[in-house]
Amino acid sequence: MTLKATPLNNVHRALGARMVDFGGWDMPVNYGSQIEEHHAVRSDAGMFDVAHMCVVDIKGPDVRGFLRGLLANNVDKLQVSGKALYSCMLNPEGGVIDDLIVYFLTEDWFRLVVNAGTAEKDVAWMQARNEATNAGLTITQRRDGANAMALIAVQGPNARAKVWQVIPQAQQATAEMKPFNVALVQNTPFGEAMVARTGYTGEDGFEIGVPADQAAALWNALQAAGVKPAGLGARDTLRLEAGMNLYGQDMDESVNPLDAGLAWTIDLVSERDFVGKAALQAKGQNAQFVGLILREKGGVLRAHQKVIAASGETGEITSGTFSPTMQQAIALARVPNGVNVGDTVHVEIRDKKLAATVVKLPFVRNGKILAA
């Protein structure tokens, strides 16, 4: 199988990146030291190629009404142009088709950013819903062809200042912008730029979309301004420290999002109906999504390891790693209801049962360790 490549593929190879197959995409896992890349994001500024993710523009007379029924979170929260919302898109059984960000641009134009591995499935599902509801909308994915966009995430305490060095036109539009907002900035050196104050690391920064043919120029300019290239390895340890779910690992179509710590993204209060709502109301929450810190030496926390509560009931780790910031083994886990923050549980690692403490997520946010 031929791997798909982002517009930055040649740039990664020229930098000597270690490339891996990531869901059918040829992507950089690191450029030498994953640990250095991780610390650069926590202490200064790092950047990630996220051009494998897919921008989807939905246009037409009642996009809002369509998204009200499509998404579990309520787009009526988006009343000011430029506001963004994180949401799950569910199947009728309440499983997670994908998690995504939706941006409100105008009443007849909303923009979604969906995950790489699910993009084709997502767009097909949206088109099917478009037809089933006679919404009459135009749904356009922006990953291929003449209108292709590429996304670069610049994250860290100095990320915004370094982006403004490279795209000075963005400073006025984004200097006062709060997190989970977006601006479309015209006449930059890289064409029209979508600059969103969002990210996946627990640090401040921007996710920037530019025409795909401008991605390499933007990447090189950011690197010249002192932004350190970072690969998928650091991206995973950063998002795990930040307590952020990874689609396909912490949740998927077989997982009730209420059991994946995503209740905050699901609006079950308003009378609005949406795909999967009835199933969620019938199922309710059957597990809790928590952080674990390993307290004994002799193991690394990994996905699918069994977690044993004091009651004898079991759960499992969904994501685990060694935290470069905390210098401890940490994990995200789905555990039985009734397990509380501060409790000790045991994790089965090979033939041992090692003690771990249940903590509230996130572990790290804005460079500060919050869980101990």
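The values are calculated or read from the model by the stated rules, or taken from the named source; none is laboratory data. Note that this is a predicted model, so its numbers are computed, not measured. All Cβ positions, glycine included, derive from the backbone under ideal geometry; neighbour counts span all protein chains shown. Accessible surface is based on the protein model in full, side chains and every heavy atom, while ligands, DNA and RNA are left aside. Shrake-Rupley method; radii C 1.70, N 1.55, O 1.52, S 1.80 Å.
Just a few scattered comments:
- Straightening the chain between ALA5 and THR106 buys 33.2 nm, computed as 0.36 nm per residue apart minus the Cα-Cα spacing.
- By accessible area, using a 1.4 Å probe on protein heavy atoms only, the chain has 50% of its surface on carbon and sulfur.
- For the range 226-372, Kirkwood radius (reciprocal of mean inverse C-alpha pair distance, Å): 16.1 Å
- Helix runs (DSSP H) in the chain reaching 27 Å along axis by Cα, Kyte-Doolittle at least -1.0: none
- As an equivalent ellipsoid, the range 61-141 spans semi-axes of 18, 15, 12 angstrom, where each value is the square root of five times an eigenvalue of the C-alpha gyration tensor, largest first.
- Extension gain for the segment ALA372 to ASN340, taken as residue separation times 0.36 nm less the Cα-Cα distance, is 10.0 nm to one decimal.
- Environment charge at GLY69 (Cβ cut-off 15 Å; Lys +1, Arg +1, Asp -1, Glu -1): -1
- Note on ASP343: accessible area is roughly 60 Å² with a 1.4 Å probe, heavy atoms of protein only.
- Shown in residue order for the range 283-300 are the 3J(HN,Hα) couplings computed by the Karplus curve 6.51 cos²θ - 1.76 cosθ + 1.60 at θ = phi - 60°: 7, x, 9, 10, 7, 10, 10, 9, x, 10, 10, 6, 9, 10, 6, x, x, 10 Hz (x for Gly and Pro).
- If you take the Cα centroid of the range 314-372 and the Cα centroid of the range 241-286, the two points sit 21 Å apart.
- Globularity index of the range 155-241, i.e. its alpha-carbon radius of gyration over 2.2 N^0.38 Å: 1.04
- LEU3 exposes around 60 Å² of accessible area when a 1.4 Å probe is run over every protein chain in place.
- Under a 5 Å amide H cut-off, with hydrogens placed 1.01 Å from N, GLN305 pairs with ILE317 among residues at least 5 apart or on other chains.
- Each principal axis of the range 1-105 carries a Cα extent, and these read 47, 38, 27 Å when sorted largest first.
- These residues, ASP49, ASP62, go from largest to smallest accessible area, 1.4 Å probe, as ASP62, ASP49.
- Once backbone amide H atoms are built at 1.01 Å from N, VAL20 has MET27, VAL29 as its partners under 5 Å, excluding neighbours fewer than 5 places away on the same chain.
- Within straight-line cross-link reach of LYS277, lysines at Cα separation under 21 Å, skipping those fewer than 8 residues along the same chain: LYS77, LYS121
- Placing a pseudo-label 7 Å from each Cα along the Cα-to-Cβ vector at ARG302 and TYR86 gives an inter-label distance of 2.7 nm.
- Solution diffusion estimate, µm²/s, Stokes-Einstein, the range 302-360, Kirkwood Rh from C-alpha pairs, 10 °C, viscosity 1.306 mPa s: 137 µm²/s
- Under a model in which nothing but the beta-carbon of Lys, Arg (+1) and Asp, Glu (-1) is charged, the range 290-350 shows a dipole of about 180 debye around its Cα centre.
- Length-normalised contact order for the range 45-141 - Cα pairs under 8 Å, 6+ apart - percent: 37 percent
- Note on the range 1-134: with charges restricted to the Cβ of Lys and Arg (+1) and Asp and Glu (-1), its dipole about the Cα centre is near 120 debye.
- Accessible area of HIS304 (1.4 Å probe, protein heavy atoms only, ligands and nucleic acids ignored): about 140 Å².
- A simple spin-label model places the labels of ALA161 and ALA148 3.6 nm from each other, with each point 7 Å out along Cα-to-Cβ.
- Extension gain, LEU15 back to ASN286 (0.36 nm per residue minus Cα-Cα distance, nm): 92.9 nm
- When the Cα positions of GLY298, ALA278, LEU222 are compared along the charge dipole of the range 204-322, GLY298 comes out farthest toward the positive end, with charges on each C-beta of Lys, Arg, Asp and Glu.
- Amide H contacts of ASP204 (H built 1.01 Å from N, in plane; Pro and chain starts excluded): GLY156 sit under 5 Å, all sequence-distant by 5 or more or on other chains.
- Lysines with Cα under 16 Å of LYS83, excluding same-chain neighbours fewer than 8 positions away: LYS178
- Cα gyration tensor of the chain - equivalent ellipsoid semi-axes, whole Å, descending: 32, 28, 18
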